[in-house]
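Data first, discussion second: the structure below is written as structure tokens.
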Amino acid sequence: MHHMTLAEIARGLADKKFSSVELTQTLLARIAQLDPQINSFISLTQDLALSQAKAADERRANGESGALLGAPIAHKDLFCTQGIRTSCGSKMLDNFKAPYDATVVAKLAASGAVTLGKTNMDEFAMGSANESSWYGAVKNPWNLEHVPGGSSGGSAAAVAARLLPAATATDTGGSIRQPAAFTNLTGLKPTYGRVSRWGMIAYASSLDQGGPLARTAEDCAILLQGMAGFDPNDSTSIDEPVPDYSAGLNGSLQGLRIGVPKEYFSAGLDPRIAELIHNSIKELEKLGAVIKEISLPNMQHAIPAYYVIAPAEASSNLSRFDGVRFGYRCENPENLEDLYKRSRGEGFGSEVQRRIMVGAYALSAGYYDAYYLKAQKIRRLVKNDFMSAFNEVDIILGPTTPNPAWKLGAKSSDPVAAYLEDVYTITANLAGLPGLSMPAGFVDGLPVGVQLLAPYFQEGRLLNVAHQYQLNTDWHTRTPTGF
């Protein structure tokens, strides 16, 4: 059962080939057996999962149906879950049990999804390797000596290792798409505002967006259907109708205009990945797509702009973690200043401290105009580049990452080298656009992803293209040895 996709599980449950309780028990046993190798979970919720599975079986017995009814998933550990630890991968929140469910959690629970647990992540979603977690690094199932990508590496590793069919994740600068590429999954970052951020602990509020991680575009369509929608509790949520994503998967690609930015194929891209991307382009051409070279001239400025804006927002968002109201509190503080300093110094890891300091500096008097304001102007230029491009093409295609997954610890002493791995993904977050990564092949036995970007609220177009590609390729069906 662990090799079944969400779509196959939905059909199996509908045909009464197995029950949600049986499926849940099977996957919980598999997690207990295999997860010690990859460390993809922070918390398991066996009792909750079994009670939800039993309730789902009863709902089906009473005539209800639904693609997610009785389907097992997991949540990245920054989605608040009532009465369950929500840690954000940090010592700071190791003892925090959320008093309410995030909107995403509540919506998926209402649709009958079964929560198996909370997945490991880079601390406060800051990282590209899932090595900054207080609970230890997550390992890539394709090679346990390599990173699974971050910050949603726990969700990605768990799905790739067939511990469960799909999981929620979040993407601030590529944290869904990059782990998807590194672990041979399909991952979708929706348009900013498409999925509610209420109850999703913030890293950078104008960039964060929740989305699905699964093995296929079809499964991502199913999970996104349960996640998306307007939420009056979230001031950044957009009141836009949610289409039937599954119904749009089978549209023809005949005449689809695909733009390929010339800036993507620079010296920083591994030539073996470039070859796989060109092979993907040829496959899509066979399906009727038309390829056109385009330009995104301000892409070169995206990384410096992102690494000013994101840390600036993080320094503001994380100021609430002060040892006073909730979260980690230092032992025996001498006074209020000591409480603040030691609680934050002991509760936050080095990467989080680094980004808080960068952000506070960029926002400080005398530097705001020179750094933060200029970064926001670059952000607008990046968006304008995309708007111009989408006047000529329907989607944009390129590599998800410049290199395959690196070895654990290889970039720990050089944070900037890790930041540069986000070069192809962060532009979508700066512009608020939807982006998808899908499997495109292997380099040295490690998966590689191809990225698709579309205009606002065109997630369905991305899923359609990815689904048609996956009907004609088999990269997404490959399974890591031992799992």
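Where a number appears in this text, it was derived from the coordinates with a stated rule and is not lab data. This is a predicted model, so every value here is computed, not measured. Note that each Cβ is placed from the backbone with ideal geometry, even for glycine, and that neighbours are counted across all protein chains shown.
Descriptive notes on the structure:
- When each of the peptides 97-103, 477-483, 461-467 is scored by how many other beta carbons lie within 10 Å of its residues on average, the order from highest to lowest is 461-467, 97-103, 477-483.
- Percent antiparallel among DSSP beta bridges (both partners in the range 357-483, rounded to 5): 100
- From the C-alpha gyration tensor of the chain, square roots of 5λ in Å: 31, 30, 20
- Spacing of the modelled spin labels on residue 369 and residue 25, each 7 Å from Cα toward Cβ, amounts to 7.0 nm.
- Charge dipole (debye, nearest 20) of the range 64-165; +1 at Cβ of Lys and Arg, -1 at Cβ of Asp and Glu: 140
- Amide H contacts of residue 186 (H built 1.01 Å from N, under 5 Å, at least 5 apart or other chain): 214, 215, 216
- Cα shape, the range 374-483, gyration tensor, a/c 1.5 rule: oblate
- Sequentially through the range 4-10, phi angles give Karplus couplings (6.51, -1.76, 1.60; θ = phi - 60°) of 7, 7, 4, 4, 5, 5, 4 Hz, Gly and Pro residues having no value and appearing as x.
- For the chain, the share of DSSP beta bridges that are antiparallel, to the nearest 5, is 70%.
- Cα gyration tensor shape of the range 110-189, rounded if a/c is under 1.5, else prolate or oblate by comparing a/b with b/c: rounded
- Across 91/341; 292/374; 17/54; 17/189, pairs whose alpha-carbon gap is larger than 22 Å: 292/374; 17/189
- In this structure the amide hydrogen of residue 117, modeled in the peptide plane, comes within under 5 Å of the amide hydrogens of 45, 75, none closer than 5 places in sequence on its chain.
- Under the Karplus curve 6.51 cos²θ - 1.76 cosθ + 1.60, θ = phi - 60°, whole-Hz ³J(HN,Hα) for the range 391-402, x wherever Gly or Pro sits: 6, 9, 9, 8, 9, 10, 10, x, x, 7, 9, x
- Sites residue 278 and residue 335 - FRET efficiency at Förster radius 60 Å, r taken between beta-carbons, to 0.05: 0.45
- Expected 222 nm ellipticity per residue - DSSP helices of 4 or more, -39500 (n - 2.57), all of the chain, to 500: -11000 deg cm²/dmol
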